[in-house]
Each structure stands twice: as structure tokens, then as C-alpha cells.
Amino acid sequence: MSPCSPLSNKDNTNSLNYTQFLIQDQSRVHSIHSRISKKKSFIGSQQAKIPANSGRSLGTGNFYVTVGFGTPKSDLPVIFDTGSDLTWIQCQPCAGGCYPQRDPIFDPSKSSTFSNISCNSPSCNQLSSGTGRSPRCSVSACVYSIQYGDQSYSVGIFGTETLTVTPSDVFPKFEFGCGQNNDGLFGQVAGLIGLGRDKVSFVSQTAQKYNKLFSYCIPSTSSGFLAFGVTSSVAKFTPLVTDSRGPSFYFLTLQGISVGATNLAISPSVFSVGGTIIDSGTVITRLPPSAYSALRTAFRNAMSSYPSAPALSILDTCYDFSGTKTVTVPKITLHFAGGTDLNVAQSGLLFATKTSQVCLAFAGNTDAGDVAIIGNKQQQTLEVIYDVAGGKLGFGPGGCS
């Protein structure tokens, strides 16, 4: 068994606790459910492509890229998140406290290009749509506040700064959060970059250059990428849907699931009740209860020759592969509108803490009306293409490994 195998036990020694990791993932899902339950041709030379890496070495189950803030620039790792809009990083002074991060905390006083955004500016007045909370004033400066489903939070000054994506892709006066009071389960990254659809998101702020077109590949073993402005693979597309319950999220129309060559007997109406989003920040895919039940039954039938193992938090279909030389896992395919399929890679089928506890990497929602979420585990190795201006999302094979 190689160290990079999804069945490898090597990662048990790092700082990421798997049970806590799954609890954190479930908290994010609860937050998304809560938020949503409230009420073109690829043309142009403007493009950028930067490495995307697993955050496990930094204590997070999400993926990060490194971008530069300020003048002179400070290169900092930030989680990229399609389920968030506001980009923010930790900043000095840490008036309310900052969590430990790997790199020095950004000091805006040492940057010649940082500027506060005033309270009465249109940007400050529109901030609540990207954070879910109304901004407030502090000595005429706009103060943002954002809280996530696991009770992680960031509070600080809403300002502008020079953001460097690549040496040739530099954005002056980029609006972001300079967090002076931050805590939660962010690992040791500096913050996050918001790739949602709100006006404050990176996607919207860079639309003139990148035309709201981006893609990423989440790796299973090596390095992936986050790209803007152009895509490289031949992909099949499904329409993006806008839902008034959560207009910033990327909704898709999931219509069915196959295990092996069998299309499961699930009515498309099962998926339409709560809808479906794709999210780079959720790890484990969540399905409507009846859809997950059908998937679980078919998967267990196909895996009946392997001994079962205890459940792991939200993952209830687990196996003991100790002493097993070869494991054959059935293929799982998600079927979307427009005849577009997501063929889940082998690395996206199972979640392993050790060879004696390897689990199906899907979970069921509690309520049939909760939104289904396609998590990043099931997106691994594919190039996932967001053509926001064109209103479509695509899956391209072989994006990374």
C-alpha cells in the first residue's frame, strides 16, 4: 500500500483529528442548510493559474492557494471557498485575538496601499449580502463581522488593498476583510478567498478581467490548481441555477445516481425538494435521506464480501480491509441536467482513517427539505469549471492527480 493510497494510515500522525474534522464538516453543512432555508465562449488572454494544495499539513480538511496582499506583498495561504463571498485575512493589531497561523500575521500599517473603507460608502452599505450581517462603524471605518456554522468567526476592518494573484495579475483596491478578532477551525491558514456570486466576492470583483470564469482541480495525492479566465479541458456542462434562498450559492440540478452499471430507482423529485449545490469547502457529499438510503443499500450489496467496521461520526458504512490485498469498489456516478455526469474518482469514494476503518464518503441529510451538497471529496481529480457569466458548470476529466 503506497503512502498516497486512500487506505494509507500515514496521515493519522498529523494534527488533523478525523472525528473533529467530520464534526466540523457537519457544522458547515448545518450552516449552509440554515442559510438556504431562509427565505459564453471561453475567449481572452486574461488568465491565471496557481497551485492548490491540501490543507492537512496546516490542520484543515480544506484546500488552499497562496496569494499576495499589500505593498510590499506578503504571500499568504488562504482557503478557497465557493460557499463564501468575503475574502479576509488575519491582521495586526489582533485587538480581540487571532488564532495561530503558520505565517506572520499581515500588518496593514506596513503596506503603502492599504486603505479603510468608510461607513457611508456604497461598498460598506452592501456588505451584509456577502457576510449575512450588517456592518457597523468604528471611528468612521466600516467594520465587518462574519460567523460560520462551526462558530468560527472573523471581525475586523473592511478595507482595500493590492491583491497579487500572479506577477502579471495584480488587483489594486481589492475589497477585503482585515480581521482583528478571529477564532475557530481554520487550521494555520491566514484566512480565505471567497468565490461565491455576491458583489463582494473575488469572482465579482475581478469580473472585468476574468469574465466570472474560474476552475479548480482538487488533488487526491499531489498538487491541484485554481485557475481564472480560461479552462484547459474538454468538459460537459450542466446549467447553473440561481435560488432565491441562497443566491450566492452554486445550485445545480441533480437528477439521479448510479452504482456500478445500475441507475438507482430514485425519483428526480427527491432532489428537487431541497435542491443541490456544489461547494469547495464542504468535504463529504450530503444527499437527501431517501437518495442516500438507496445509495447505501446498493453500495453495501456490492461490498458484501468485505467485513464491516464501526461507523465514523456521520459516516455509517465502513469496512475493515486489514489483511486485504485487493479491494474492488463499485463506481459511483452522479447524473445532472443536460446529460452531464460526475464520475466520482476512486479517491473520492472512500474516507479512510486506517485500513481497519474505511468508510463510504457520502452521508445523508436529516431532513428531505435540506439542500444536497456536492463536497470536495467527490470532486477530486476533476477540473470543475464555473462559467458564471455563461450560467453553466462543467466537469472535465484528468484535471490533476
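The values are calculated or read from the model by the stated rules, or taken from the named source; none is laboratory data. Note that the coordinates shown come from a computational prediction; the quantities given were computed from them, not determined experimentally. Heads up, the Cβs are rebuilt from the backbone with ideal geometry, glycines too, and the neighbour counts pull from every protein chain shown. Keep in mind that these areas ignore ligands, DNA and RNA; they rest on the heavy atoms of the full protein, side chains included. Shrake-Rupley method; radii C 1.70, N 1.55, O 1.52, S 1.80 Å.
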Checking the structure you have, find out if any residue of the range 136-149 is open to solvent by 20 Å² or more (accessible area, probe 1.4 Å), of a type in the set (Ser, Thr, Tyr), in contact with a Gly (Cβ under 7 Å, 6 or more places away or on another chain) and within 27 Å of Ile284 (Cα to Cα).
yes
Looking only at the range 204-223, filter to residues that are touching a Cys at 6+ places or on another chain (Cβ under 7 Å) and open to solvent by less than 10 Å² (accessible area, probe 1.4 Å); which one of those is farthest from Gly390 (Cα to Cα)?
Pro219
With the condition being more than 23 Å from the chain's Cα centre (by Cα) and modelled with pLDDT of 95 or more, I'd like the strands (runs of 3 or more DSSP E) fully within the range 228-339 carrying at least 2 qualifying residues.
254-259
Of all residues being farther than 30 Å from Pro72 by Cβ and outside any strand (DSSP E or B) in the range 123-143, which is farthest from the chain's Cα centre (by Cα)? Just the residue, please.
Asn125
If you take the residues in the range 340-361 that are open to solvent by 40 Å² or more (accessible area, probe 1.4 Å) and under 22 Å from the mean Cα position of the chain (by Cα), which one is farthest from Asp25 (Cα to Cα)?
Asp341
Subset of the range 96-111, residues surrounded by 14 or more Cβ atoms within 10 Å (Cβ to Cβ) and either among the hydrophobic types (A, V, I, L, M, F, W, C) or within 26 Å of the chain's Cα centre (by Cα) (or both), comes to Cys98, Tyr99, Gln101, Asp103, Ile105, Phe106
Scope the range 62-88; condition within 20 Å of Ser128 (Cα to Cα), touching an Asp or Glu at 6+ places or on another chain (Cβ under 9 Å) and in a strand (DSSP E or B); matching residues
Asp81
For a quick check of your reading of the model, give me the residue pairs whose first member lies in the range 191-214 and is closer than 15 Å to Leu163 by Cβ and aromatic (Phe, Trp, Tyr), whose second is open to solvent by 10 Å² or more (accessible area, probe 1.4 Å) and assigned to a loop (DSSP other than H, G, I, E, B), with beta-carbon atoms closer than 9 Å and at least 6 apart or on different chains.
Tyr210/Gly44; Tyr210/Gln46; Tyr210/Gln47; Tyr210/Val230; Phe214/Thr231; Phe214/Val388
Could you check Ser272 against (1) among the hydroxyl-bearing types (Ser, Thr, Tyr); (2) within 19 Å of Leu393 (Cα to Cα); (3) crowded, with 18+ Cβ neighbours inside 10 Å and say which number it fails?
(3)
Residue that is at positive phi and over 16 Å from the mean Cα position of the chain (by Cα), where the choices are Gly364, Gly398, Gly390:
Gly398
Checked the range 331-351 for anything more than 17 Å from Pro239 (Cα to Cα) and not hydroxyl-bearing (Ser, Thr, Tyr); matches are Lys331, Ile332, Asn343, Val344, Ala345, Gln346, Gly348, Leu349, Leu350, Phe351
Condition set touching a helix residue (DSSP H, G or I) at 6+ places or on another chain (Cβ under 9 Å) and closer than 20 Å to Asp25 by Cα, scope the range 292-325, selection surrounded by the fewest Cβ atoms within 10 Å (Cβ to Cβ): answer is Asp316
